[in-house]
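Reviewing the structure listed below.
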Amino acid sequence: TKGNTNIHSSINNSQFTINNYYEDPSPLSGANYYRLQTTSTDGAVAYSNMIMINSNEDAVRIYPNPAKNILHIEGLSLNSKNLPAGRQVKITVADFMGNIAISQQLIANSPSSYSLNVASLKPGNYLMKIETGGEVVVRKFIKE
């Protein structure tokens with residue numbers, strides 16, 4: 001885990017549902033491991049599961065950024081080198097408040113590109129999380 005703290009929270013329609021997220025302002029190249037620490041008002045400490053996020057900018061590329069209607073994703077097959085083509089990939093797009101705007105499952109084959117329709121999104125900033133083979137890649141993009 002990194003030494004600095006930059007945790008953001010959003011509460012969704014229920015007093016018990018809280019989405020915590022962290023944006024690392026300067027991730028190291030390659031695999032980065034993260035977990036969240038929460039402290040309740042009575043001082044009890046709990047930790048989330050640890051996740052690995054691959055920050056290799058060359059592995060998965062999205063364009064155009066900003067996007068109007070279609071966002072192209074390239075490099076899905078580079079994300080998990082030990083897995084064969086045809087594996088499942090989960091793509092989740094959320095706004096900065098943690099609200100899920102798009103959630104799709106797809107099969108990554110060659111060529112390793114995918115076009116995601118973002119026309120229905122409101123203009124603003126979004127995070128795209130790409131999960132495959134136990135790895136997570138996060139990319140920021142802007143919807144015009």
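The values are calculated or read from the model by the stated rules, or taken from the named source; none is laboratory data. What you see is a predicted model, and the numbers here were worked out from it, not measured in a lab. Because the Cβ atoms are built from the backbone with ideal geometry, glycine has one as well, and the counts that use them run over all protein chains shown.
Name the residues in the range 49-64 that are part of a loop (DSSP other than H, G, I, E, B) and either modelled with pLDDT of 85 or more or exposed (fewer than 10 other Cβ atoms within 10 Å of the Cβ) (or both), would you?
Of everything in the range 49-64, those that are part of a loop (DSSP other than H, G, I, E, B) and either modelled with pLDDT of 85 or more or exposed (fewer than 10 other Cβ atoms within 10 Å of the Cβ) (or both) turn out to be 49, 50, 58, 64.
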Of everything in the range 117-130 that's out of contact with any Asp or Glu (no Cβ under 7 Å at 6 or more places or on another chain) and buried (at least 18 other Cβ atoms within 10 Å of the Cβ), which residue is nearest to residue 51 (Cα to Cα)? 130
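Can you confirm whether the range 72-83 contains a residue that is modelled with pLDDT under 55, not small (Gly, Ala, Ser) and not in a loop (DSSP other than H, G, I, E, B)?
Within the range 72-83, one or more residues are modelled with pLDDT under 55, not small (Gly, Ala, Ser) and not in a loop (DSSP other than H, G, I, E, B).
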Scan the range 89-116 residue by residue and report those that are within 16 Å of residue 73 (Cβ to Cβ), polar (S, T, N, Q) and out of contact with any strand residue (DSSP E or B) (no Cβ under 6 Å at 6 or more places or on another chain). 109, 110, 112
A careful count of residues in the range 97-116 that are exposed (fewer than 14 other Cβ atoms within 10 Å of the Cβ) and closer than 15 Å to residue 68 by Cα gives 1
Could you list, in sequence order, the residues of the range 96-116 that are closer than 22 Å to residue 49 by Cβ and part of a strand (DSSP E or B)? 100, 103, 105
